[in-house]
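Novice: I have a structure here, written as structure tokens, and I will follow up with some questions on it.
Every number in this text was worked out from the coordinates using simple rules, so none of it is lab data. These figures come from a predicted structure and were not determined experimentally. Heads up, the Cβs are rebuilt from the backbone with ideal geometry, glycines too, and the neighbour counts pull from every protein chain shown.
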Amino acid sequence: MRIGIVGLGLIGGSLGLDLRSGYEVFGVSRQETTCQIALQRGAVARASINLDLLATVEIIFICTPLDAIVPTVKQLISYLSPETIITDVGSVKQPIVEECSRLWTNFVGGHPMAGTAEQGIEAAEKGLFVGKPYVLTKTLKTPYAALKKVEEIVKSLGSIMYYSSPEEHDRAVAWISHLPVIISAALIDACMQETDFTVLQLAQNLASSGFRDTSRVGSGNPELGVMMARYNRQALLRSLLQYRQSLDRLINKIEQKDWESLGDILQSTQAARKQFD
Ligand code: NAP
């Protein structure tokens, strides 16, 4: 089977590195140099900056940044036969699945829950998806045969398959991926409001693993953070408002010196944390 990948970055390049062992892989990216590196690294058998390279492939993975997924599908469709399956890897699903399914019947939304802090083709890794969750979204419009084909390819990556509606996916990732980014950014922002410079400097010098763990995702790529908030605004706001309530409850226990209730809450969060491992 011949597979196409658009967007030869971390995710697209990593997909290519893995899929080449079982499939013929053609890649399209925006920059010629990226295409050259993808060829040198063995992520693709052929590469181009023109989408017409993908006219003969059976299935296309769109791995561009979120805001380029729908425009890419729009540009692609004039080159494709109706049997071609298009799937994407975007980390937000509802707005993308809705628009892409409207543009192309044979569309299946997907999201590999794998990544690193790096970006671009140089960051692509073989085996990135092994043992990691890969969500395929199902709607009333999703063609069964296309879903099965994407599933077969995803399974060959060694990923653990999950299915959900686009809306459930977006609410779930708001909790475990997007909310942590905003909370972590708020943590750094709050610390920086310390007005006593000596205290602030001491805190920065003393910061160790606890602070590193809780602030890490708040220091990621700002463009990606904004894109995630823009595309998953509703679900993220829902999670943030619940978070504010949880924070208020904790503040209240501390203000009231209600150490017993605070202890109870911390005991239940200690137990609940295991369910996210
Ligand atoms: P990335 O490393 O920046 O790769 C994206 C690549 O897309 C860039 O290298 C760029 O290639 C190319 N590109 C940009 N605009 C394009 C266009 N209009 N046409 C063709 N190629 C274009 O980003 P990524 O982390 O792989 O993320 C890609 C997608 O995966 C996003 O939709 C993201 O939501 C999703 N995702 C990311 C992660 C993660 O942890 N990073 C995890 C799961 C899903 P050039 O170098 O040629 O400009």
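Novice: List the extent of the Cα atoms of region 2-150 along each of their three principal axes, largest first, rounded to whole Å.
Specialist: Principal extents (largest minus smallest coordinate, Cα): 40, 32, 29 Å.
Novice: In whole Å, how far is the Cα centre of region 72-105 from that of region 193-215?
Specialist: 45
Novice: Over region 190-270, what portion of Cα pair distances is larger than 15 Å, expressed as a whole percent?
Specialist: Looking at region 190-270, the distances longer than 15 Å represent 75 percent of pairs.
Novice: Moving to a separate point now. When DSSP beta bridges are limited to those with both residues in the chain, what percentage is antiparallel, rounded to the nearest 5?
Specialist: Taking every DSSP beta bridge within the chain, about 10 percent pair in antiparallel fashion.
Novice: Right, next: Just from the alpha-carbon atoms, what are the Rg and Dmax of region 135-215 in angstroms?
Specialist: Cα-based Rg and Dmax for region 135-215 come out at 21.0, 64 Å.
Novice: Place +1 on the Cβ of every Lys and Arg and -1 on the Cβ of every Asp and Glu in the chain, take the dipole about the Cα centre, and give the residue among Leu147, Gly120, Met161 whose Cα lies farthest towards its positive end.
Specialist: Leu147
Novice: Radius of gyration and Dmax for region 121-277's Cα atoms, expressed in Å?
Specialist: 20.1, 64
Novice: Shifting gears a bit: Order of 122-133, 99-110, 249-260 by packing, highest average Cβ count within 10 Å first?
Specialist: Descending packing order for the listed peptides: 99-110, 122-133, 249-260.
Novice: Mean residue ellipticity at 222 nm from the helices of the chain, using -39,500 (n - 2.57) per DSSP H segment of n ≥ 4 over the full residue count, to the nearest 500 deg cm²/dmol?
Specialist: -15500 deg cm²/dmol
Novice: Another one. Given a Förster radius of 35 Å and the C-beta distance between Ser261 and Leu200 as r, what FRET efficiency does 1/(1 + (r/R0)^6) yield to the nearest 0.05?
Specialist: With R0 = 35 Å, the Cβ-Cβ based efficiency is 0.65.
Novice: Also, I was wondering about something else. P(r) for region 1-53: what percent of alpha-carbon pairs falls in each 10 Å bin, starting at zero?
Specialist: Over region 1-53, the share of Cα pairs per 10 Å bin runs 32, 61, 7 percent.
Novice: Another one. Return, for the Cα atoms of the chain, the radius of gyration and Dmax in Å, separated by a comma.
Specialist: Computed over the Cα atoms of the chain, radius of gyration and Dmax are 21.6, 68 Å.
Novice: Something else: Taking amide hydrogens as modeled 1.01 Å from N in the peptide plane, which residues meet the under 5 Å criterion relative to Gly109, leaving out close sequence neighbours?
Specialist: So Gly109 has HN proximity to Thr137.
Novice: Find the centroid of the Cα atoms in region 134-162 and in region 51-67, then give the distance between the two in whole Å.
Specialist: Each part's Cα centre sits 17 Å from the other's.
Novice: Could you run the Debye sum over the Cα atoms of region 79-124, one equal point scatterer each and no solvent, and tell me log10 of I(q)/I(0) at q = 0.21, 0.25, 0.31 Å⁻¹, two decimals?
Specialist: For region 79-124 at q = 0.21, 0.25, 0.31 Å⁻¹, log10 I(q)/I(0) is -0.78, -0.89, -1.09.
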